[in-house]
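**Student:** Before we start, here is the structure in question, set down as structure tokens.
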């Protein structure tokens, strides 16, 4: 994305190990970083994406949470060799820190849209005030954008308000709900079924198909939730 | 002109090339024989393609009962039915109306319709699916 | 322009999809049977990725406001132009005021209507495909409805003969390339994916049993029913990129195959990925029909990919030659 800037890359220790590579169909390779779901691993994924972007045999790249789906134009003549190349590139690529913009998200916590706040209090043993404070006190990083148009997977959640995704998704979650899914936070972009847990609401629009770029959030961006109203 | 198989002439590029050759040299027709079949191309003599000069249909099979119902619109491989509608094959005894699609001629992947020139009851189908037919070959005869 | 006179739900404008935006969560969409759309476009002389109409609910009826060369491919819908039968996979010219009518097909699920010049709806992120989930693209970001008027771009590259002409459909043109079982079930070739082995013995059952496509299936994905599959031990996956053809196994154990309108990311364990060359067949599979999976190889996938490319190339090369030859012959 155009709104990201590059910081000087730094060499990553070799002990990070090699990624796992598996196939989806005949021309897509999922490269999964070893280790924890953390920012250094995600930076390796961003770096790999940046390097592969220039290759003419690559059709599309979809970064996930510490993984990258590499879709080729055509089926590789020698798939083993391509996988070896991916591993080589991985070893030669340092972390890439995407220093994006900082986005402030004016949020109403609690109230009619915080349909899962009570459940989070039960799960964490915290009061609703504490849950809300722990959520807005943190600065989040957009790890990847995906699933729905412009949806940002936000890393950096306080582990005390970890909340598993629902086994049965809620059917009519609203666009604009501020949610927690496992160790991630997010802002829902579509009204529809959603397994994440809502604690608030924002009017901020994060996707516009006619805009360039169409998404507000880009990987590497920082996100801060501003508690405009707290209705508890 | 001899080649091992007539099917090597079913390629439209080859046919187009031959047709252009006839036209350039003001040749009326060319008759190609091979071990497994024959092909006849007829060109409008001394006329540009825009004239209304009509070529006479070529009847390779002689002595069919009934009168001409439909002939091959192009050289190619005869298909009695559409590959997705094998149950709708027109055969002896079928009644057809003028303008009906009664069969197809396959040129590579392309299906060209064979059109009934008049209404009638089919009395003979002169080609079998898979055989090469020349332009203008009588494919169906009928009693009106 | 064409005027929609009769239309069921969920018929949409589609091209070959909005590739390149999955990294920002935008579903690729695009025709469920891309071969049918490509051939339809080639028949009318369009680029193969022009926008057409994907019709999956019937009857469907349109009126041509002006003379218009069009092609119908995909499912055989017993099409009639002003009451006159048209063969399937056919291209012909309609005169102003003529009405085209499609009925529910007996086999296959989706028909494609391509118009010479292509449907003139705005490009959104490089594509004219309708994104139902995002409510953008296509005609006003929504399925077609009775009363819609769709503009068509100019284009006169191919003139079909008066009675039209057609193309031999892929399964009939290449009968040895696309396997079906003795009972007529669709056999889909697939390659094991990341979590395949974590299903232990259940992975064997994935390949050996016959699955039914349930009514909870649409352009987003097909939910299958059969004896559920379970992981040997639970696994927590990080969200990863998703493409059409991926076979995931949610906690309930009955697989889901993601299709053209799939989300771009997800986290269910993945059992297998259907090879690209079989996706169009899945796009034509009907609700209630049965499928089974056969373990494939990259060698086989490459062979199928090449054969399909050769089929399309042959059409692209041969069609203009035949069209020109037929024009020359009728002018005599």
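**Student:** Can you spot a residue in the range A:167-184 that is crowded, with 16+ Cβ neighbours inside 10 Å, more than 19 Å from residue A:37 (Cβ to Cβ) and within 14 Å of another protein chain (Cβ to nearest Cβ)?
**Tutor:** Yes, there is a match, as at least one residue in the range A:167-184 is crowded, with 16+ Cβ neighbours inside 10 Å, more than 19 Å from residue A:37 (Cβ to Cβ) and within 14 Å of another protein chain (Cβ to nearest Cβ).
**Student:** Is it true that some residue in the range A:187-195 is under 16 Å from the mean Cα position of the chain (by Cα), farther than 20 Å from residue C:220 by Cβ, within 14 Å of chain C (Cβ to nearest Cβ) and modelled with pLDDT of 95 or more?
**Tutor:** Among the residues of the range A:187-195, at least one is under 16 Å from the mean Cα position of the chain (by Cα), farther than 20 Å from residue C:220 by Cβ, within 14 Å of chain C (Cβ to nearest Cβ) and modelled with pLDDT of 95 or more, which makes the answer yes.
**Student:** Kindly evaluate residue C:273 against the criterion of being crowded, with 22+ Cβ neighbours inside 10 Å, in contact (Cβ under 8 Å) with a residue 24 or more places away in the chain and at the interface with chain A (Cβ under 8 Å from one of its Cβ atoms). Give the steps one after another, and end with the answer.
**Tutor:** Details: crowded, with 22+ Cβ neighbours inside 10 Å: yes; in contact (Cβ under 8 Å) with a residue 24 or more places away in the chain: yes; at the interface with chain A (Cβ under 8 Å from one of its Cβ atoms): yes.
So residue C:273 passes the test.
**Student:** Filter the range C:179-222 down to the residues that are without any contact (Cβ under 8 Å) to a residue 40 or more places away in the chain and within 14 Å of chain A (Cβ to nearest Cβ) and list them by number.
**Tutor:** C:197, C:216
**Student:** Sort out which residues of the range A:148-162 are within 23 Å of residue A:125 (Cβ to Cβ) and surrounded by fewer than 23 Cβ atoms within 10 Å (Cβ to Cβ), and write them in order of number. Give the steps one after another, and end with the answer.
**Tutor:** Let us first name the residues in the range A:148-162 that are within 23 Å of residue A:125 (Cβ to Cβ), namely A:156-162.
Of everything in the range A:148-162, those that are within 23 Å of residue A:125 (Cβ to Cβ) and surrounded by fewer than 23 Cβ atoms within 10 Å (Cβ to Cβ) turn out to be A:156, A:157, A:158, A:159, A:160, A:162.
**Student:** Related question: Exactly one condition in (1) closer than 24 Å to residue C:327 by Cβ; (2) within 14 Å of chain B (Cβ to nearest Cβ); (3) at pLDDT 95 or above is not met by residue C:159; state its number.
**Tutor:** Among (1) closer than 24 Å to residue C:327 by Cβ; (2) within 14 Å of chain B (Cβ to nearest Cβ); (3) at pLDDT 95 or above, the lone unmet condition for residue C:159 is (3).
**Student:** Out of the range C:50-78, which residues are within 14 Å of chain B (Cβ to nearest Cβ) and either surrounded by fewer than 21 Cβ atoms within 10 Å (Cβ to Cβ) or within 19 Å of residue C:129 (Cα to Cα) (or both)?
**Tutor:** Initial filter on the range C:50-78 (within 14 Å of chain B (Cβ to nearest Cβ)): C:71-78.
Selection gives C:71, C:72, C:73, C:74, C:78.
**Student:** Just to be sure I understand, how many residues within the range B:77-124 are part of a loop (DSSP other than H, G, I, E, B), in contact (Cβ under 8 Å) with a residue 40 or more places away in the chain and within 11 Å of chain C (Cβ to nearest Cβ)?
**Tutor:** Within the range B:77-124, the subset part of a loop (DSSP other than H, G, I, E, B) is B:80-85, B:89-94, B:97-100, B:108-109, B:116-119.
Those still in the list that are in contact (Cβ under 8 Å) with a residue 40 or more places away in the chain too: B:80-81, B:90, B:108, B:116-118.
Keeping just the survivors that are within 11 Å of chain C (Cβ to nearest Cβ) gives B:81, B:108, B:116.
Adding up the residues that qualify gives 3.
**Student:** Among what's in the range C:2-15 and is in contact (Cβ under 8 Å) with a residue 60 or more places away in the chain and either under 16 Å from residue C:262 (Cβ atoms) or out of contact with any strand residue (DSSP E or B) (no Cβ under 6 Å at 6 or more places or on another chain) (or both), pick the residue that is surrounded by the most Cβ atoms within 10 Å (Cβ to Cβ). I'd like the intermediate steps shown before the answer.
**Tutor:** The first filter runs over the range C:2-15 and keeps only residues in contact (Cβ under 8 Å) with a residue 60 or more places away in the chain, leaving C:2-7, C:9-15.
Subsequent filtering for residues that are either under 16 Å from residue C:262 (Cβ atoms) or out of contact with any strand residue (DSSP E or B) (no Cβ under 6 Å at 6 or more places or on another chain) (or both) retains C:9-10, C:12, C:14.
Numbers: C:9: 9, C:10: 16, C:12: 24, C:14: 28.
Filtering the range C:2-15 for residues that are in contact (Cβ under 8 Å) with a residue 60 or more places away in the chain and either under 16 Å from residue C:262 (Cβ atoms) or out of contact with any strand residue (DSSP E or B) (no Cβ under 6 Å at 6 or more places or on another chain) (or both), the one surrounded by the most Cβ atoms within 10 Å (Cβ to Cβ) comes out as C:14.
**Student:** Give the number of residues within the range A:167-195 that are under 26 Å from residue A:66 (Cβ atoms) and either in contact (Cβ under 8 Å) with a residue 40 or more places away in the chain or part of a strand (DSSP E or B) (or both). Break it down into steps so the answer makes sense when it comes.
**Tutor:** First pass over the range A:167-195, keeping only residues under 26 Å from residue A:66 (Cβ atoms): A:167, A:169, A:173, A:177-190, A:193-195.
If we keep only those that are either in contact (Cβ under 8 Å) with a residue 40 or more places away in the chain or part of a strand (DSSP E or B) (or both) as well, we get A:173, A:177-190, A:193-194.
Residues that pass the stated criteria total 17.
The values are calculated or read from the model by the stated rules, or taken from the named source; none is laboratory data. Everything numeric in this text was worked out from a predicted model, so none of it was measured. Because the Cβ atoms are built from the backbone with ideal geometry, glycine has one as well, and the counts that use them run over all protein chains shown.
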